[in-house]
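The values are calculated or read from the model by the stated rules, or taken from the named source; none is laboratory data. Bear in mind the structure is a predicted one, so any value in this text is a computation, not a measurement. For neighbour counting, all protein chains shown are included, and Cβ atoms are generated from backbone atoms with ideal geometry for every residue, glycine included. The protein model used for the area step is the full one, side chains on, heavy atoms only, and it has no ligands, DNA or RNA in it. Shrake-Rupley method; radii C 1.70, N 1.55, O 1.52, S 1.80 Å.
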Amino acid sequence: MADIEERQSLLGSEEDDDDIQRDRGPGRPLSAISDPSHLLHRIIVLIFMCFLGFGSYFCYDNPASLQTEVILDMRLTTASFMQLYAWYSWPNVVLCFLGGFLIDRVFGIRLGTIIFSVFVCIGQVIFASGALLNRFWLMEIGRFVFGIGGESLAVAQNTYAVNWFKGKELNLVFGLQLSMARLGSTVNMNIMGWVYSRITDLVGHTGYTTLGVSLMIAGITCLFSLICALVLGFLDKRAEKILNKEQGKTGEVIKLTDVKDFPFPLWLIFIICVGYYVAIFPFIGLGQVFFIEKFNFSPAEARAINSVVYIISAPASPLLGFMVDKTGKNIVWVLCAVVTTLIAHMMLAFTFWNPWIAMSLLGVSYSLLACALWPMVAFVVPEHQLGTAYGFMQSIQNLGLALISMAAGSILDTRGYLFLEVFFCACVCLALIAVVMLYLVDYVRAGDLNLSASARVKLQKEATPDSE
Amino acid sequence: MELLQQNKMFAVSLELNPGANSLPPGVDLLHVRAQGVNDTLHFLLCSQGAPTLLLVHTNSTVSKVQVDWPAFLTRNATGSLKVEPESSIVHSSAMVFTRLWEYDDVNDTADPDSVPRSSFLPPYELQNFTWSDMNRTLDPAAHTATLCGGDGSSSFINGSFCLQLSAFESEGRDRGWPSLLHNANSSQMKVWLSGVSPRANQSRFSLELQAVGGASLMDRVDVVRSIDDEYTPSIFKVSQWVSSPPNQTSTVLSYAQWKPVAYRQPVPVFEDSTPCHHSGPVPVPQRERPAAASGLVRAFYGPEPPAAGINMTFSIAGDPYYSVTKFLSWTMLVGLGTPPVDSFSPLVLSIMAVALGTPMIILLLGGVYVCVRKTVTPLPQVYEPIN
C-alpha cells in the first residue's frame, strides 16, 4: 500500500519540473525501510544483491556434486564429464572483456542484470532438458549458455555493490557477496545427492530421467536469482528517481592495445593466477570419486569434504582480507598460499592421512590467495589500464580452466588419480616458480609490490603532495 | 635363451601332455618349465575335472615331470603325476577353480551373504565343463595358453568361460588393465566370462577358488594399501592370499595376488571397471575336498589334502548387472616366494623432481645473486661537508 502512495508522489514530482529540486531526497518523509538513502533500505537491497549470485554458484557445481550419477546415467567417460566445466569457461574467455562494455554502454546495469539472470535460468533449463532427453550435446549447450550469464552476472553484482555502497562499507559488501557465493556452492555439494536419492524413490529407478528432474529442481534457485534481479532492478530504478542519481556503471575501460604495455610483474601475476586456480576448481570437480575410492568415504561424506574448501572460504575470506589489508606484504602472503596448497596436494597424493586436514589447508590457502593476489594488479598497473588488466586476467583464467578441465578428465581416464594429483602439483609448482621470480624481480627493481601496509600508506601520501 | 642370474631371467619352455602317446579328447596337461641357475619352477595346468594350476619349486636344475598316463586318467591313483627327483621339491601349491556361482540380485546389494538362498541359481560346476583343445591356443613365444569351455547348456551356446595362463621370464607388466607387476616367480591367470547368457534379469556372478598347499595352507588374505593407482586407475588396494611357515607370518611361501577390480569390457575404459571383493579364506569342508573335483590334485597330493577356499564376488551395489555387457574379466597372479611390490613409474618421479626442484634452484640462484649484488654495490655515502 505504501508503495502506491510513493509512486504517486514520484509521478507528481516528474510532471512538475520546478518542484524536482524541492522533492529531491525525502521531501515527504518516507518510512525508513522505503527510503533509499537509509541504512535499513540498503540492507534490504544488500540481501537481494547477495542472493542474486546464489543461483548461479549453486548450479555451477551441480556436475561435481552428482559426478557418479552423471557419469553412470549419461554413460560418459571422465573426459566427457569434464567438458561440462570446459563449456562453462569457453564463453568467458571473450566475455570478460565484453562484460563491462555491455553493462555500461549497451544494456545498463538493470537490464543487463536481468538479461544475464535470464541466460543463467535458460542455461540450467537446457542443461536439465539434455539430461531428461538423454542427449549429452544438449547438456553441453546448456552449460555454454549458463556460462554466458554466470560470470557476467558477477560483474553486474559488483557494479550494483559499488553503486549502493561506495565508501567504507564496500569491502564488507564484497566480502558478504563472496560468502554468499560460497554458501551457494556448499549447499549444492551437500544437498544435491539427497535430492537425487529422493527423486530416485519417486521415479523408481536411477537413470537420465531422475538426473533431469534433479537438475530441474536445482534450476529453481536460478529462478529465485532472476526474481532477485527483477526486484533489484525495480528498487534501483526507484532509488534513481528519488535520489536523482545516475545509473551505475562498471567504470571499466577496456582497451586491448594496452596489453602490450603490461609490465613483466603483471605477466608473472597472470601465471600465478592460472597455475593456481587450475589446481583447485577441476580438482573439486573430480573430488567426490577420489575421496570415495582412495579414502573409502561414503558418497555423502565425500560430498561434504569436497565442499570444505567453500565452507572455509566463506568466513575466512573477509578475515584474511582484513589481515592482508593491515599487514601488506602481498607477495609473502601469496607465497604462503601457494606453498600451503602444494603441501595439501602432496598430502592427498602421497599419503593416506585424513583428507580433512589437506582440504582445510586448501580452503584457507585459497581464500588467502584471493585476498592477496587480485589487489596486486592495482599496484603494478595505472588506473586507466586496470579494467583491461582484470579483464585479461579473468579471460586467461577461464581459458586455463577450460583447457585443464578437459586435460584432467583424460588424465584420470588413462592414468588414474596419483598421476592427476602429480599433474596438479606441477601446476601449483608453476605458480610457485612465478611467485619466486616475482619476489626476486620486485626486490631487484626495488618495486612496491611487497611493501608493508604502513609503507604503502606513506607512499600514497607522498604521491599526492597537493592533497592538503 | 641365456640364463642371466643377475637379471633374474629364467628360461621358459612349454610342453603339452609330456610323455603321452594319445589322449582322449578334452584332457590336456600343460607343463611350463622355468629354469633358473640352481632351481626350477614347474607350472602345470590341467583341464581334467576342475581347471587346476599346480606350482612346484625344486632346488635342482634337472627336475622333470613324470606322468603315469593310464593311472592319471583313472583319477584314482595318488602319485600318477610326480616331479622327479621328489627329494628336490622345496614347496608346492595348487589353485583349483571349482565353481561359478550365479545369483539374482533383486535388492541390488551385490553381497551374496545377504541374498536369500532362493535367489541362488544352481552353480556351474567347472569339473563338468568340456574344455577346448589347448593345442590350438598354445602360444610358445608369448608363453601363454588358453582354456575355454562350457557345460553344454543353453547359457553357453553363444559364450564361454575361459582361463588364460601366462608364464614370464622376467619382470614386467601386461599392457591391458589391471597391469599387474609380475616377475619370473609368478604366473598370471586371467579368467573371463564372455557372451554367456545370464539366467536371471539381475544376475551377478561369484567365482569359487580353492588353494591346496603342500606344507602350509593358504590361510589368510592380506589387503595392502597402495598410494599408486597409475596402472589400475582408482584402485588403491592389493589383495594377497598367502601361506606362511608356521609362526613366521612375515615370510611368504606361496601367494595369489590380485587387485580388487574386474572389468566389464574386453578392452576396458575407466568406467568399465567394477570392484570385486572376496570372502574367506575358510577351510574347505570334508565333502567338498578338491581332490574329488580336480584330477591333478588327486594325482599329485592324494585323496584328502587340506584346502582353503575363497569366493570372489564381482560388482558392488549400484553397478550395472552382468547382462548389460555380458562380459566379465578378472586377473590374478599365482606364484611362489614373496609377492611382487608395485612402485612409482619413472615418469611420475621425474615430474615431481622437476616440479619441486625448479623453484628451489631459482630461489637458490636468486638468493645468491641478491647477496652478490649487495656486496658488490657500494653503500651510498654520507655527505661530507665541503670545507
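Tally the residues that are open to solvent by 40 Å² or more (accessible area, probe 1.4 Å) and within 25 Å of the chain's Cα centre (by Cα), restricting the search to region B:153-169.
Summing the residues that are open to solvent by 40 Å² or more (accessible area, probe 1.4 Å) and within 25 Å of the chain's Cα centre (by Cα) in region B:153-169 gives 1.
Among the residues of region B:337-361, write down those that are open to solvent by 40 Å² or more (accessible area, probe 1.4 Å) and over 26 Å from the mean Cα position of the chain (by Cα).
B:LEU349, B:SER350, B:ILE351, B:ALA353, B:VAL354, B:LEU356, B:THR358, B:MET360, B:ILE361
Within region B:287-387, which helices (runs of 4 or more DSSP H) (wholly inside it) include 1 or more residues that are within 12 Å of chain A (Cβ to nearest Cβ)?
Here the list reads B:322-325, B:346-376.
Exactly one condition in (1) small (Gly, Ala, Ser); (2) open to solvent by 20 Å² or more (accessible area, probe 1.4 Å); (3) modelled with pLDDT under 95; (4) under 23 Å from A:SER65 (Cα atoms) is false for A:ALA370; which is it?
Of the numbered conditions (1) small (Gly, Ala, Ser); (2) open to solvent by 20 Å² or more (accessible area, probe 1.4 Å); (3) modelled with pLDDT under 95; (4) under 23 Å from A:SER65 (Cα atoms), the odd one out for A:ALA370 is (4).
For B:SER239, state whether it is within 14 Å of another protein chain (Cβ to nearest Cβ) and under 18 Å from the mean Cα position of the chain (by Cα).
Criteria not met by B:SER239.
Do you know which of the residues in region B:197-220 that are open to solvent by 60 Å² or more (accessible area, probe 1.4 Å) and more than 14 Å from chain A (Cβ to nearest Cβ) is farthest from B:GLU304 (Cα to Cα)?
Selected residue: B:ARG199.
Open to solvent by less than 30 Å² (accessible area, probe 1.4 Å) and either modelled with pLDDT of 90 or more or among the hydroxyl-bearing types (Ser, Thr, Tyr) (or both): does that describe A:PRO36?
For A:PRO36, the condition - open to solvent by less than 30 Å² (accessible area, probe 1.4 Å) and either modelled with pLDDT of 90 or more or among the hydroxyl-bearing types (Ser, Thr, Tyr) (or both) - is not met.
Could you check B:HIS278 against (1) modelled with pLDDT of 90 or more; (2) under 18 Å from B:LEU100 (Cβ atoms); (3) surrounded by 20 or more Cβ atoms within 10 Å (Cβ to Cβ); (4) not hydroxyl-bearing (Ser, Thr, Tyr) and say which number it fails?
So B:HIS278 meets the others, but not (3).
Return the only residue of A:ALA128, A:ALA156 being out of contact with any strand residue (DSSP E or B) (no Cβ under 6 Å at 6 or more places or on another chain), farther than 26 Å from A:LYS249 by Cβ and crowded, with 23+ Cβ neighbours inside 10 Å.
A:ALA128
Of all residues in region A:411-445, which are farther than 30 Å from B:VAL372 by Cα and more than 7 Å from chain B (Cβ to nearest Cβ)?
A:ILE411, A:THR414, A:LEU420, A:GLU421, A:PHE423, A:PHE424, A:CYS427
What number goes with the only condition from (1) within 14 Å of chain B (Cβ to nearest Cβ); (2) in contact with a Cys (Cβ under 9 Å, 6 or more places away or on another chain) that A:ALA408 does not pass?
Result: A:ALA408 fails condition (2) only.
Which is surrounded by fewer than 23 Cβ atoms within 10 Å (Cβ to Cβ) and within 13 Å of chain B (Cβ to nearest Cβ), of A:ILE280, A:ILE292, A:ILE311?
Sole residue among the options that is surrounded by fewer than 23 Cβ atoms within 10 Å (Cβ to Cβ) and within 13 Å of chain B (Cβ to nearest Cβ): A:ILE292.
Considering only residues that are more than 17 Å from B:SER13 (Cβ to Cβ) and more than 27 Å from the chain's Cα centre (by Cα), look in region B:50-74 and name the one that is surrounded by the most Cβ atoms within 10 Å (Cβ to Cβ).
The residue in question is B:PHE72.
Taking the condition surrounded by fewer than 20 Cβ atoms within 10 Å (Cβ to Cβ), assigned to a helix (DSSP H, G or I) and among the small types (Gly, Ala, Ser), does A:ALA302 pass?
no
Any chance you could count how many residues in region B:341-367 are closer than 28 Å to B:GLN164 by Cα and at pLDDT 90 or above?
Qualifying residue count, region B:341-367: 0.
Can you say whether B:ASP174 is in contact with a Leu (Cβ under 8 Å, 6 or more places away or on another chain), open to solvent by less than 10 Å² (accessible area, probe 1.4 Å) and of a type outside the set (A, V, I, L, M, F, W, C), as far as the supplied structure shows?
no
If you take the residues of region A:65-79 that are at the interface with chain B (Cβ under 10 Å from one of its Cβ atoms) and hydroxyl-bearing (Ser, Thr, Tyr), which of them is surrounded by the most Cβ atoms within 10 Å (Cβ to Cβ)?
Result: A:THR78.
Here is a list: A:LEU459, A:LEU449. Which entry is at pLDDT below 85, more than 13 Å from chain B (Cβ to nearest Cβ) and crowded, with 18+ Cβ neighbours inside 10 Å?
Only one candidate qualifies: A:LEU449.
For the subset of region A:319-340 comprising residues that are within 20 Å of the chain's Cα centre (by Cα) and open to solvent by 60 Å² or more (accessible area, probe 1.4 Å), which member is nearest to A:LYS458 (Cα to Cα)?
A:PHE322
Residues of region B:99-119 being in contact with a Pro (Cβ under 8 Å, 6 or more places away or on another chain) and either open to solvent by 10 Å² or more (accessible area, probe 1.4 Å) or under 12 Å from B:PHE300 (Cβ atoms) (or both), which ones?
B:ARG99, B:TRP101
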